[in-house]
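Data first, discussion second: the structure below is written as structure tokens.
The values are calculated or read from the model by the stated rules, or taken from the named source; none is laboratory data. Worth saying up front: this structure is predicted, and the values here are computed from it rather than measured. When we count neighbours, we look across all protein chains shown, and the Cβ atoms used for this are built from the backbone with ideal geometry, even at glycine. The protein model used for the area step is the full one, side chains on, heavy atoms only, and it has no ligands, DNA or RNA in it. Shrake-Rupley method; radii C 1.70, N 1.55, O 1.52, S 1.80 Å.
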Amino acid sequence: MIETPRPATRGPYRTGIERRAQLVAIAIEVFGQRGFAGSSLRTLAERADVSHATLIRHFGTKEGLLIAVLQEWERQSAEHDLADLSGLAYLRRLPDIMAGHRRNRGLLELFTTITAEASNPEHRAHAYVVQRYETSLRTFARHLQTAVDAGDVGALSPAQVALEARLLTAALDGIGLQWLLDPNVDMALATRTYLERAIASWRRVARPTA
């Protein structure tokens, strides 16, 4: 399990908090340009104009820094594009999120790679990846349940909602992987097509009769 530092949010540690955020921003750039394997803590330290020991103190290892980068990337994506949406409106914004990955090929590649590697319980990122998927599944299920409750789709059972959330997660991961293999893949179109077909099928689910 990767443990990232928990800096204090006030007092004399504020400068350290700000510095850590700057280091994550620089790491996003470097990982995006060179990939994870092609980057080293020494390269990152040189780009950030800090010592190697400073990076170790903040993140422990290169893997720890990677986790911080991925967490920040996810936070920015979710808060910027989806924070005020719910139900089908939330789900229908996902094609735009997928299209945005075109600007972050290196990060998407890193996330795809680390996810596959972390299927091994011994991997340091295993706990993070498991938590990421659990959170994603809960989020998609919550918004689909909101659509059910609003009458925007049929009366899906809790088990059906959970399964559809899992299928949606698999579709997004698969579309992203296909784009990494072939940049001509239109991720937004593929995601939108899947969603519209899924929504149409959800609407065909019969509602209970009175």
- Would you mind checking the tilt of helix 158-181 against the longest principal axis of the Cα atoms of the chain, expressed as 0 to 90 degrees and rounded to 10? 50
- Task: Tally up the carbon and sulfur contribution to the accessible surface of the chain as a whole percent, 1.4 Å probe, everything protein left in place.
- Result: 52
- Note the full-extension length gain between residue 126 and residue 139 as 0.36 nm times their separation in residues minus their Cα-Cα distance, in nm to one decimal. 2.7 nm
- Message: Angle check, please: helix 62-82 long axis (alpha carbons) against the longest principal axis of the chain (alpha carbons), in degrees 0 to 90, nearest 10.
- Response: 40
- Task: Taking all pairs of distinct Cα atoms, average 1/r, flip it, and tell me the Kirkwood hydrodynamic radius of the chain in Å to one decimal place.
- Result: 18.9
- Task: Add +1 for every Lys or Arg and -1 for every Asp or Glu among the other residues with Cβ under 13 Å from the Cβ of residue 180, and state the total.
- Result: -1
- Message: Compute, for the range 149-210, the length of the dipole vector about the Cα centre, with Cβ point charges of +1 (Lys, Arg) and -1 (Asp, Glu) only. Units Debye, rounded to 20.
- Response: 280
- Item | Cα centroid separation, the range 148-210 to the range 28-48 (Å) | 36
- Rounded to whole Hz, the Karplus (6.51, -1.76, 1.60) HN-Hα couplings of the range 118-124, x for glycine and proline: 7, 5, 6, x, 7, 5, 5
